[in-house]
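Step one of this worksheet: look at the structure below.
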Amino acid sequence: MTKLEVIEKAYGKNYEEMKEFIDENGWLTEMHTSIHYRTTENGKTLNKLIEKANISFEEVNNFLRPVTISGIENNNGWIKIESEADLPDKTEPNSEVKYHVLAKEGFEDLSDCNSFELHHMYKNYHVITHYIPVIILPKPLY
């Protein structure tokens, strides 16, 4: 799925009427001004569209968007692999930097792969779609 498809799905049947107000991260862009009372082509104001939408919105600094797409700016930290350029720098096979890897539907997701293994899987099997670095949390001091 693309970012736009995820945003369209979050707005559902309301997307077409609201799309002129929606930015690239799914925020309703005119909520912070009186412009949101502007009448759309079909004679409705953004306020009226929001009232009739059956969507749970999150609000940040008077901007609204569906809660289902919170974190879309960075894909919740996951890197989508669309080409080899999206892979992390290749390291030695015994590198300590590890990644969680998501695979295409029907294949098993993996964890604790280093970038050498990630490159190998991408080039030879073409089944991985996303990765995220494994964050090793420090041990408590006391």
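All of the numbers you see were taken from the coordinates with simple rules; none came from a lab. The model shown is predicted, which means the values in this text are computed figures rather than measured ones. As a convention, Cβ positions derive from the backbone with ideal geometry for all residues, glycine included, and neighbour counts pool all protein chains shown.
Data overview
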{"read-out": "Once the Cα gyration tensor of region 78-133 is diagonalised, semi-axes √(5λ) in Å", "value": "16, 12, 10"}
{"read-out": "Separation of the residue 20 and residue 85 label points, Cα + 7 Å toward Cβ, nm", "value": "3.5 nm"}
{"read-out": "Max mean-square fluctuation residue, GNM over the chain, Cα-Cα springs under 10 Å, options 77, 106, 26", "value": "106"}
{"read-out": "Within the chain, helix-based [θ] at 222 nm, where runs of 4 or more DSSP H residues each add -39,500 (n - 2.57), nearest 500", "value": "-6000 deg cm²/dmol"}
{"read-out": "Spatially proximal lysines relative to residue 98 (Cα-Cα < 21 Å; intrachain offsets below 8 disregarded)", "value": "80, 90, 123, 139"}
{"read-out": "Nearby lysines by direct alpha-carbon distance to residue 52 (threshold 18 angstrom, same-chain neighbours under 8 apart not counted)", "value": "9, 13, 19, 44"}
{"read-out": "Long-range Cα-Cα pairs in the chain (distance over 20 Å), rounded percent", "value": "59 percent"}
